[in-house]
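So the structure is just underneath, and the comments pick up after that.
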Amino acid sequence: MLTIGPNEFILKADLMVSLRGLFRGSLLAASLIASLPAFAEKVVVTDVLGRKVEVEAPVQRVILGEGRQMYFVAALDKDAPFKRVVGWRDDLSKADPDSYKAYLARYPEIAKIPSFGGMKEGAFDIEQAIALKPDVLFLNVEAKVASDEASLVEKLASVGIPVAYVDFREKPFENTEPSMRLIGKLFGKEAIAEDFIAFRAAEIAKITDRLAKVQNLKKPVVMMERAGGFSDDCCMSFGKENFGKMVEIAGGRNLAADLIPGTFGTVNAEAVVAANPEVVIITGGNWGAYVPGGAWVGLGPGNDMVEARRKLAALAMRPAFAQTQAVKNGRVHAVWHQFYNSPYQFVAIQEIATWLHPELFKDIDASATLKTLHERFLPLPYEPGYWVTVERQ
């Protein structure tokens, strides 16, 4: 029988104690390292305009050239969506007051975030931006002309502040994914960005894959009116991009596709009457800050659907629409305008698809998709109010 002497026993016991101490020390060191913020390092990213931009990442301080860029910030920084935001344009509270109020109720500190006017309006305060010492300024591509005229990029570069252009509005189906990847890299949230991109692609594929299997698909002609009721004019619309593209992806024919050369434009009422669209879709939002008491359809989180439906019915009776197939057959709808300027366009595509091909997509529930988006990626709970249909006459 093998025996262990007292000296050997003591040595083994000391060794075990030492190993336990080393293990505990390693765990403590690992936990301390994990709790420390990631060290910033220079990274080079390519923005949606093809510009090489050098930034110290992960960024800790950002300025949003548009307040509605919170739509993408929130999707990446769900737990603390405003932790990096040191300045933003003042448009979220005006263009989407319902979302702003919801954020304000949960994060009251946002009332103190310094705000700017718009770049295109010449109201962006460069000196104020420099004083905030951001790690990066995000601008939408539509601000490029105005920023060039103001030499903004050069002025900020001279004090070490980089500018990165993103796009969810002009060519969203070309630029949403690269924009999210760029922002994810700068935030140190690449995995979340890829998760979001995969979720978005899968939800769009639920529509496109099914449409691709239909032989001789009949695509209804759709009049997509932009911000109906915002003014007395009719009819602002979309060309081959943005909501115009969403209509095509959802299996429709955008009436204005060949009438508007760019992303945004106007179709005269006579052209709408002549085309006799089978479906009319109007974008709506809460624009009380711009047009108090206007005829616009109030849509967005928590809005009054009875009032929205009443306003939509009134807009449907304008001369451009009153005698169309769409009105006669009860195929007049409204959808939240801000889907046009966020990475959430896939939700609108699903709802539009159910309007254009109700039998083909009777199992598609865009509300459920929007709820899942909120649960997985967004800091606020889901509230209904993003679309409405007029009662059949």
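The values are calculated or read from the model by the stated rules, or taken from the named source; none is laboratory data. Given the structure is predicted, the values throughout are model-derived calculations rather than measurements. Using ideal geometry, Cβ is built from the backbone for each residue, glycine included, and neighbour counts are taken over all protein chains shown.
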Given the structure, is F168 over 19 Å from the mean Cα position of the chain (by Cα), part of a loop (DSSP other than H, G, I, E, B) and surrounded by 15 or more Cβ atoms within 10 Å (Cβ to Cβ)?
no
With criteria (1) buried (at least 22 other Cβ atoms within 10 Å of the Cβ); (2) assigned to a loop (DSSP other than H, G, I, E, B); (3) in contact with a Lys or Arg (Cβ under 6 Å, 6 or more places away or on another chain), P277 comes up short on (3)
Report the residue count in segment 329-363 for those that are over 30 Å from K189 (Cα atoms) and either among the aliphatic types (A, V, I, L, M) or assigned to a loop (DSSP other than H, G, I, E, B) (or both).
16
Could you list, in sequence order, all residues of segment 73-100 that are surrounded by fewer than 18 Cβ atoms within 10 Å (Cβ to Cβ), in contact (Cβ under 8 Å) with a residue 60 or more places away in the chain and under 15 Å from D135 (Cα atoms)?
none
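The rows are residues; the columns are (1) modelled with pLDDT of 95 or more; (2) out of contact with any helix residue (DSSP H, G or I) (no Cβ under 8 Å at 6 or more places or on another chain); (3) outside any helix (DSSP H, G or I).
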site	(1), (2), (3)
K120	no, no, yes
K133	yes, yes, yes
L156	yes, no, no
I161	yes, no, yes
